[in-house]
Amino acid sequence: MVAFSPLGRGYLSGLLQSVESFGDKDFRRTNPRFQDLNWRRNRERLQAFLALAESWGLKPATLAIAWTLAKAPHVVPIPGTRAVDHLEECAAADKIDLTDAQLAEIERALPLGYAAGERYSEQQWVGVQKY
C-alpha cells in the first residue's frame, strides 16, 4: 500500500507557518484544510506533534514518515520534495524504531479524524473517489 502525501502536503513538516505564502497555482490555496479557521485549528493541533518531534530529537517530517513506516510493513510512504535536505529528513525515518508508547503519544497528539476541513474542495474531488 502506498501512503500518498504522508506529510499532509507539507503540513506535518512543521515548516508551513502561513498559508498566505502559497502561490496562485498551489493546490493548497483552495484546499479546505489550509483555509481560514480550519488552518488555524489544524496548525494549533499540530503543536503537540511538533513538541514530540523536538523532545525526541527528530525533525517533524522524519517523525511523520517513521510513524507511517511503523504502522505496517506493507505501507510505503512517498513524500514529495524538491529539496535534498527534505529528502534526507524523510529518508532518515528508515532508521527510527518507534516504541509502542511513542506511537500511542503520536496518536494522542493527532488522533484519527482530528483534521478540520474536508480533504478536498468540491472542484478537487473531480476524478478522485470520495470516501
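Helix 36-55 versus the longest principal axis of the chain: what is the Cα-based angle in degrees, 0 to 90, to the nearest 10?
The angle comes out near 10 degrees.
Please list, in chain and number order, the residues 5+ apart from Ala3 or on another chain whose amide H is under 5 Å from its amide H, with Hs placed from the backbone.
Excluding prolines and chain starts, which carry no amide H, the hits are Val76, Ile78.
HN-Hα J couplings of the range 107-112 from phi, Karplus 6.51/-1.76/1.60, θ = phi - 60°, integer Hz, Gly and Pro as x?
My calculation for the range 107-112 gives 6, 6, 5, 10, x, 3 Hz in order.
Using only DSSP helix segments of four residues or longer, with each worth -39500 (n - 2.57), what per-residue ellipticity at 222 nm results for the chain after dividing by its residue count and rounding to 500?
On the way: 4 runs with 50 residues, N = 131.
Helix-only estimate at 222 nm: -12000 deg cm²/dmol.
Hey, any idea what % of the chain's accessible area is carbon plus sulfur with a 1.4 Å probe? List each step's numbers first, then the result.
On the way: 4660 of 8550 Å².
Carbon plus sulfur share of accessible area: 54 percent.
Does the range 2-98 come out rounded, prolate or oblate, given a ≥ b ≥ c as the square roots of the eigenvalues of its C-alpha gyration tensor, rounded meaning a/c under 1.5 and, failing that, prolate meaning a/b above b/c? Present the calculation step by step, with values, prior to reporting the outcome.
Numbers: a/c = 1.85, a/b = 1.50, b/c = 1.23.
Cα axes put the range 2-98 in the prolate bin.
To the nearest 10 degrees, how steep is helix 60-71 against the longest Cα principal axis of the chain, on a 0 to 90 scale?
Long axis of 60-71 versus the principal axis of the chain: about 70 degrees.
Where only protein heavy atoms count, and the probe is 1.4 Å, what is the accessible area per residue for the chain in Å²? Don't skip to the end; give the middle numbers.
On the way: 8550 Å² over 131 residues.
Per residue, the chain has 65 Å² of solvent-accessible surface.
For the chain, what is the number of Lys pairs with C-alpha distance below 25 angstrom, counting only pairs 8 or more positions apart or on separate chains? Before the final figure, lay out the partial values.
On the way: Lys25/Lys130; Lys59/Lys71; Lys59/Lys95; Lys71/Lys95; Lys71/Lys130.
So the count of such lysine pairs works out to 5.
Does the range 63-131 come out rounded, prolate or oblate, given a ≥ b ≥ c as the square roots of the eigenvalues of its C-alpha gyration tensor, rounded meaning a/c under 1.5 and, failing that, prolate meaning a/b above b/c?
On the way: a/c = 2.19, a/b = 1.35, b/c = 1.61.
Here the range 63-131 falls in the oblate category.
The values are calculated or read from the model by the stated rules, or taken from the named source; none is laboratory data. Fair warning: this is a prediction, and the values are worked out from it, not measured in the lab. All accessible areas refer to the heavy atoms of the entire protein, side chains included, with ligands and DNA or RNA removed. Shrake-Rupley method; radii C 1.70, N 1.55, O 1.52, S 1.80 Å.
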